[in-house]
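To start, the structure under review is shown below, and the notes come after it.
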Amino acid sequence: MILVDTSVWIDYFNGLVNPQTDLLDASIVEGSVAIGDLIFLEILQGIRNDKDYRKTKQSLLTLDQYEMFGKEMAEKCADNYRSLRKKGITIRKTADVIIATFCIESRLPLLFLDRDFIPFIDHLGLEPALREI
């Protein structure tokens, strides 16, 4: 099972072809894709057209769903953010901290395009779904 970040889903829905969207496509066929509630929210809030919204929502609801945040995760996210800050690394988006921390804690590989996840791989044990990152 892999978790797929919003950035990859956006490319996928826009018909872009890259190693990440190729792996996403293959993983959907295999039934090994999961989505987190935060990622689900990010994807849906970016869709303007009502028809596309309904179609996308229906498709995403067929995937394994995870609740990504809560009291314990908030503390772990803060710890991870502070750990990286002490190394001189600032993660720009809180959502990325939540997604990376969730994957680390759940031992789920993450498929992503956003370079902000690299420090989580280098310093905190995040497993990338695609090794050529």
Legend entry - Lone qualifier among L113, L84 - being modelled with pLDDT of 95 or more, part of a loop (DSSP other than H, G, I, E, B) and of a type in the set (A, V, I, L, M): L113
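In segment 83-96, which residues are farther than 17 Å from S7 by Cβ and free of Cβ contacts under 8 Å to residues at least 24 places away in the same chain?
R85, K86, G88, T90
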Inset, instruction - Name the single residue, out of those in segment 11-24 being out of contact with any Asp or Glu (no Cβ under 9 Å at 6 or more places or on another chain) and in a helix (DSSP H, G or I), that is nearest to T94 (Cα to Cα). - result: D11
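Here are K87, K57: which of them is in contact with a His (Cβ under 8 Å, 6 or more places away or on another chain) and either exposed (fewer than 11 other Cβ atoms within 10 Å of the Cβ) or of a type in the set (K, R) (or both)? Can you show your working first?
Details: K57 fails: in contact with a His (Cβ under 8 Å, 6 or more places away or on another chain).
Just a single option satisfies the conditions, and that option is K87.
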Inset, instruction - Sort out which residues of segment 25-41 are free of Cβ contacts under 8 Å to residues at least 60 places away in the same chain, in contact with a helix residue (DSSP H, G or I) (Cβ under 7 Å, 6 or more places away or on another chain) and not in a helix (DSSP H, G or I), and write them in order of number. - result: V33, I35
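So, in segment 97-117, how many residues would count as being without any contact (Cβ under 8 Å) to a residue 24 or more places away in the chain and surrounded by 12 or more Cβ atoms within 10 Å (Cβ to Cβ)?
So the count comes out to 1.
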Legend entry - Residue, surrounded by the fewest Cβ atoms within 10 Å (Cβ to Cβ), within segment 60-84, restricted to residues that are of a type in the set (S, T, N, Q) and more than 14 Å from D116 (Cα to Cα): T62
Inset, instruction - Could you tell me whether G46 is at pLDDT below 95 and in contact with a Ser or Thr (Cβ under 9 Å, 6 or more places away or on another chain)? - result: yes
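For every residue, the table says whether it meets (1) out of contact with any Gly (no Cβ under 7 Å at 6 or more places or on another chain); (2) aromatic (F, W, Y); (3) at pLDDT below 95.
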| residue | (1), (2), (3) |
| --- | --- |
| P19 | yes, no, no |
| I28 | yes, no, no |
| A34 | yes, no, no |
| F40 | yes, yes, no |
| G70 | yes, no, yes |
| K76 | yes, no, no |
| I89 | yes, no, no |
Inset, instruction - Taking the options D5, D11, name whichever one is surrounded by 20 or more Cβ atoms within 10 Å (Cβ to Cβ), modelled with pLDDT of 95 or more and not hydrophobic (A, V, I, L, M, F, W, C). - result: D5
Legend entry - Output for segment 93-105, where each listed residue is under 13 Å from L38 (Cβ atoms) and in a helix (DSSP H, G or I): T94, A95, D96, V97, I98, I99, A100, T101, F102, C103
Legend entry - Criterion violated by F120 - all others in (1) surrounded by fewer than 19 Cβ atoms within 10 Å (Cβ to Cβ); (2) among the hydrophobic types (A, V, I, L, M, F, W, C); (3) over 13 Å from D5 (Cα atoms); (4) at pLDDT 95 or above satisfied: (1)
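The values are calculated or read from the model by the stated rules, or taken from the named source; none is laboratory data. This one's a predicted model, so the numbers in the text were calculated from it and none came from an experiment. Glycine also receives a Cβ, built like all others from the backbone with ideal geometry; neighbour counts cover every protein chain displayed.
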